[in-house]
Every structure is written in C-alpha cells, then in structure tokens.
Amino acid sequence: MKSMKGVVSKIRVLKMSKTPLVRFSLDGVNCLIATHSLNFLADVDEGMEIVVAGEFNDRKQFVVRKYSVLGKTKIMIEFEAMNVR
C-alpha cells in the first residue's frame, strides 16, 4: 500500500449508490474513493490537506483505502461556526 499527502481539489460524486464513488484530485493526481466515501464527503472540503493510503489502478488513478485529514475536518469547522453552547 502506498501513501500520499497533499491538498484536495475538484471533489465530484461520480456514482450515487449505497456506497457512492467519489473522485478528487490530490496535488494533480486523480484519486477515487468508494470505501468510506460518505465520511469523506463529510470530513473533507476542497483546499484541505489530507494523507491517503491505497494503490494505483490500471488507469493510473489512485484508489484510496484509508484517509486522514490534517487539522480540523469540515464537520468540525462547521460545528464550531455554529457557536453551539
């Protein structure tokens, strides 16, 4: 399993199903995530820095198996913005 670190851009949902297929770019590398893709959409926004682990497929796309957000996740930022006390 290989790992990469970078800034997320171009998040797109390619296929809606029980486990959606999500495409994004990580510093110019095309990435796909199906496993935990709903969590990914809740945690990650464009411009955030993440670390991913997975493998390249035959089409030179990085298929993500695991990811981790460096810093605060999108849901944490939105929660703090609500100023809930």
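The values are calculated or read from the model by the stated rules, or taken from the named source; none is laboratory data. As the structure is a prediction and not an experimental result, all values here were calculated from the model. Don't worry about glycine lacking a Cβ; one is built from the backbone with ideal geometry, like all the others, and counts go over all protein chains shown. With ligands, DNA and RNA removed, areas are computed over all heavy atoms of the protein, side chains included. Shrake-Rupley method; radii C 1.70, N 1.55, O 1.52, S 1.80 Å.
For segment 37-71, what are the residues that are over 10 Å from the mean Cα position of the chain (by Cα) and not in a loop (DSSP other than H, G, I, E, B)? I'd like the intermediate steps shown before the answer.
Step one: filter segment 37-71 for residues over 10 Å from the mean Cα position of the chain (by Cα), giving 47, 53-63, 65, 70-71.
If the condition is that a residue be over 10 Å from the mean Cα position of the chain (by Cα) and not in a loop (DSSP other than H, G, I, E, B), then 53, 54, 55, 56, 62, 63, 65 are the ones that fit.
Taking residue 49 as the residue in question, decide whether it is farther than 22 Å from residue 2 by Cα and open to solvent by 60 Å² or more (accessible area, probe 1.4 Å).
Working: farther than 22 Å from residue 2 by Cα: no; open to solvent by 60 Å² or more (accessible area, probe 1.4 Å): yes.
Against the criterion (farther than 22 Å from residue 2 by Cα and open to solvent by 60 Å² or more (accessible area, probe 1.4 Å)), residue 49 does not qualify.
Can you find even one residue in segment 3-20 that is without any contact (Cβ under 8 Å) to a residue 12 or more places away in the chain and either open to solvent by less than 70 Å² (accessible area, probe 1.4 Å) or among the polar types (S, T, N, Q) (or both)?
The answer is yes, given that some residue of segment 3-20 is without any contact (Cβ under 8 Å) to a residue 12 or more places away in the chain and either open to solvent by less than 70 Å² (accessible area, probe 1.4 Å) or among the polar types (S, T, N, Q) (or both).
Considering (1) touching a strand residue (DSSP E or B) at 6+ places or on another chain (Cβ under 9 Å); (2) surrounded by 13 or more Cβ atoms within 10 Å (Cβ to Cβ), say which one residue 60 fails and leave the rest.
(2)
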